[in-house]
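Novice: Structure below; questions to follow.
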Amino acid sequence: EAGVAQSPRYKIIEKRQSVAFWCNPISGHATLYWYQQILGQGPKLLIQFQNNGVVDDSQLPKDRFSAERLKGVDSTLKIQPAKLEDSAVYLCASSLVGWTGATNEKLFFGSGTQLSVL
Amino acid sequence: AQKVTQAQTEISVVEKEDVTLDCVYETRDTTYYLFWYKQPPSGELVFLIRRNSFDEQNEISGRYSWNFQKSTSSFNFTITASQVVDSAVYFCALSGTGLTGANNLFFGTGTRLTVIP
């Protein structure tokens, strides 16, 4: 079974530039998540999709970050303009069902995109 | 507010030693879930275990075991007879049953385990 695919693996940009990350979840997984992992910290949820609708984006810095999930499958996360503090690994994860109240399923993670903002 | 504390930043053990990774959590939810994930050098987080707040039975899976104690809000993870392949960063995580955050995992800062051959 194919896992969660992410690209690119690495990205280096200068501050104020734009950048986009792509994620393809496991086939059939309804829920998709984007996490930000700053060096030395645990991952922090940025946004959660259920199919193509947003379930939770309370921690997404909406003035510069945006995300979409076209047709409830692939997703892109964009940063525009980037700041130095955005340097982190951006992890995409998916789960089979997700938001069903009492069901807190395990998440399947991709290998992440490591972003360096200079 | 949800919070997970992993006080051990880094641990080094010699192969075949046992090692325990500590996890302490805070939550106001009466129903919640606790997780352990492993992050090897390749970067992806790998699910190890999920526990709900009503099940305090300890669990053993091969060389891995977990000790859940609600009285001390702890969910510790023990690796018996450690191996070099166990070297990774281990994250403890907590999720509640909030309206919009049913699967919002709150991660600790992780414990980097190095197993020396």
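Values quoted throughout were computed directly from the atomic coordinates according to the rules given, and no laboratory measurement underlies them. Just so we're clear, the structure is a prediction, and the values are computed from it rather than from any experiment. Cβ: placed from backbone, ideal geometry, glycine included. Neighbour counts: every protein chain shown.
Novice: Which trypsin sites (Lys or Arg not before Pro) in the stretch A:36-101 pass both tests, a DSSP loop state and at most 14 other beta-carbon atoms within 10 Å?
Specialist: Sparse-neighbourhood loop trypsin sites (Lys or Arg not before Pro): A:K62, A:R64, A:K83.
Novice: Using only the alpha-carbon atoms, what does chain A span along each of its principal axes? Please give whole angstrom values in decreasing order.
Specialist: 41, 29, 29
Novice: First measure r as the distance between the Cβ atoms of A:L118 and A:S58, then evaluate 1/(1 + (r/R0)^6) with R0 = 25 Å and state the FRET efficiency to the nearest 0.05.
Specialist: Rounded to the nearest 0.05, the efficiency is 0.30.
Novice: So for chain B, what are the equivalent ellipsoid semi-axes in whole Å, largest first, each being the square root of 5 times an eigenvalue of the Cα gyration tensor? Working shown, then result.
Specialist: Values: eigenvalues 124, 44, 28 Å².
Computed over chain B, the values are 25, 15, 12 Å.
Novice: List every residue whose amide H lies under 5 Å from the amide H of B:I49, counting only residues 5 or more places away in sequence or on a different chain, with H placed 1.01 Å from N in the peptide plane.
Specialist: B:W36
Novice: Round to the nearest 0.05 the FRET efficiency obtained for B:T78 and B:R28 when R0 = 25 Å and r is the Cβ-Cβ distance.
Specialist: Computed FRET efficiency for B:T78 and B:R28 comes out at 0.35.
Novice: Please name whichever of A:I26, A:A82, A:L46 sits farthest to the positive end of the charge dipole of chain A, dipole taken about the Cα centre and charges placed at Cβ: Lys and Arg +1, Asp and Glu -1.
Specialist: So the residue we want is A:A82.
Novice: Okay, next question. Which whole number gives the average count of other chain Cβ atoms within 10 Å of the Cβ atoms across peptide B:26-39?
Specialist: For peptide B:26-39, the averaged partner shielding equals 2.
Novice: Arrange the peptides B:75-81, B:47-53 so that the one whose residues have, on average, the most other Cβ atoms within 10 Å appears first.
Specialist: So the order, starting with the most tightly packed, is B:75-81, B:47-53.
Novice: A 31 angstrom limit on the alpha carbon distance is what I want to check against. Which of A:K15/A:K106; A:K15/A:K44; A:K11/A:K71; A:K83/B:K70; A:K78/B:K70; A:K71/A:K106 exceed it?
Specialist: Values: A:K15/A:K106 35 Å; A:K15/A:K44 22 Å; A:K11/A:K71 26 Å; A:K83/B:K70 41 Å; A:K78/B:K70 40 Å; A:K71/A:K106 23 Å.
Flagged as over cut-off: A:K15/A:K106; A:K83/B:K70; A:K78/B:K70.
Novice: Provide the net charge surrounding B:Y37, with neighbours chosen by a C-beta distance below 12 Å and charges set as Lys +1, Arg +1, Asp -1, Glu -1.
Specialist: +2
Novice: Another question, then. Would you calculate the separation in nanometres between label points at B:I116 and B:E10, each defined as 7 Å from the Cα along the Cα-to-beta-carbon direction?
Specialist: Once both label points are built, they end up 1.2 nm from each other.
Novice: Ok, one more. Under 5 Å between amide hydrogens, which residues at least 5 positions from B:T114 or on another chain qualify, with H placed 1.01 Å from N in the peptide plane?
Specialist: HN-HN under 5 Å from B:T114: B:I11, B:S12, B:V13.
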